[in-house]
Amino acid sequence: MRAVFRTDIGQIREHNEDSGGVFVNQSGQYLAVVADGMGGHRAGDVASSMAVAYLQAQWEEAPGLASPAEAEQWLKTQIEAANAQLFRHALSHPECQGMGTTIVGAICADAFVTIAHIGDSRCYLLNQSGIQQLTDDHSLVNELVKSGQISKEDAEHHPRKNVLLRALGTEPMVKLDVKTISIDEGDLLLLCSDGLSNKVTEADLLHTLTSGRTLEEKAEALIHLANERGGEDNISLAVIDFSAEREGG
């Protein structure tokens, strides 16, 4: 298993409100996290970096998780605790009032991956069947698509595309979606903020992630593609490669 995390400010924004990383626990298991912050004056980067730092600290002290049930419970407990920490911080720091962040996290074990998310940062799986989105955006536009009020194509250019129905840190309690999938050798997992998914199609993801490049080059290529297409938002991604062999070079 190998992993890479990359983040980029993009072409328009004055600062990067995304945070993330790939962290290792006491048993060598990976936790990949991508968070896309939002809120008042520079409060978005406070929210995303606080959430990621909290999860990193907890994960690096965690023992190995032997089952999907343990992994699901760990993510639920720790993300809820991170939510409470963010909410308290916003109450006691007026400049951070209204801050919040999306979060997508994936615990990567040898035989399974457990994913939790809030908001519209996404997780994709690339395997022998192709590429599929594993998470369901908690956004107004996605609800309109699911209820049949607008088409998927309309959603791409909807004026309220950025309206989230759920975020971390904006309410005292939070509801997250958690799922576990089985993983096979050679599969790839991609976590990303909407700065990537709004600019890069699933066909682009498939083409880049199946190319002969190294993991680092694949990550850089995806960021380059999003910037080439406007780069209006910060762009962050983590890629986990479940191949047993190491890349050459």
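The values are calculated or read from the model by the stated rules, or taken from the named source; none is laboratory data. Bear in mind that the values here come from a model prediction, so they are computed numbers and not experimental data. Cβ coordinates were reconstructed from backbone atoms using ideal geometry, including for glycine residues, and neighbour counts include every protein chain displayed. These area figures cover heavy atoms from the full protein model, side chains too; ligands, DNA and RNA do not enter into them. Shrake-Rupley method; radii C 1.70, N 1.55, O 1.52, S 1.80 Å.
A few notes on this one:
- Most positive-pole-ward Cα, His157, Leu125, Leu222, against dipole of the chain from beta carbon charges: His157
- Restricting the calculation to alpha carbons of region 57-193 gives Rg and Dmax of 16.6, 50 angstrom.
- Rounded percent of accessible protein surface that carbon and sulfur make up, region 116-200, 1.4 Å probe: 45 percent
- Ratio Rg/Rh, restricted to region 153-240 and using Cα atoms, in which Rh is the Kirkwood radius: 1.01
- Over region 1-75, the alpha carbon radius of gyration divided by the compact-protein estimate 2.2 N^0.38 Å works out to 1.26.
- The calculated 222 nm mean residue ellipticity attributable to helices in the chain amounts to -10000 deg cm²/dmol, summing -39500 (n - 2.57) over DSSP H runs of n ≥ 4 and dividing by all residues.
- Rounded if a/c under 1.5, otherwise prolate or oblate - region 190-242, Cα gyration tensor axes: prolate
- Mean Cβ neighbour count within 10 Å, used as a protection proxy, ranking 165-175, 201-211 highest first: 165-175, 201-211
- More than 20 Å apart - percent of Cα-Cα pairs taken over region 1-131: 46 percent
- Dimensions of region 1-40 along the principal axes, based on C-alpha atoms and rounded to the nearest Å, stand at 39, 21, 9, largest first.
- Surface per residue (accessible, 1.4 Å probe) for the chain, Å²: 46 Å²
- Exposure ranking of Asp184, Asp8 by accessible area [1.4 Å probe, largest first]: Asp184, Asp8
- Restriction of the GluC sites (Glu not before Pro) in region 35-94 to DSSP coil positions whose beta-carbon has at most 10 other beta-carbons within 10 angstrom yields Glu61.
- Think of each Lys and Arg Cβ as +1 and each Asp and Glu Cβ as -1; about the Cα centre, that makes the dipole of the chain roughly 420 debye.
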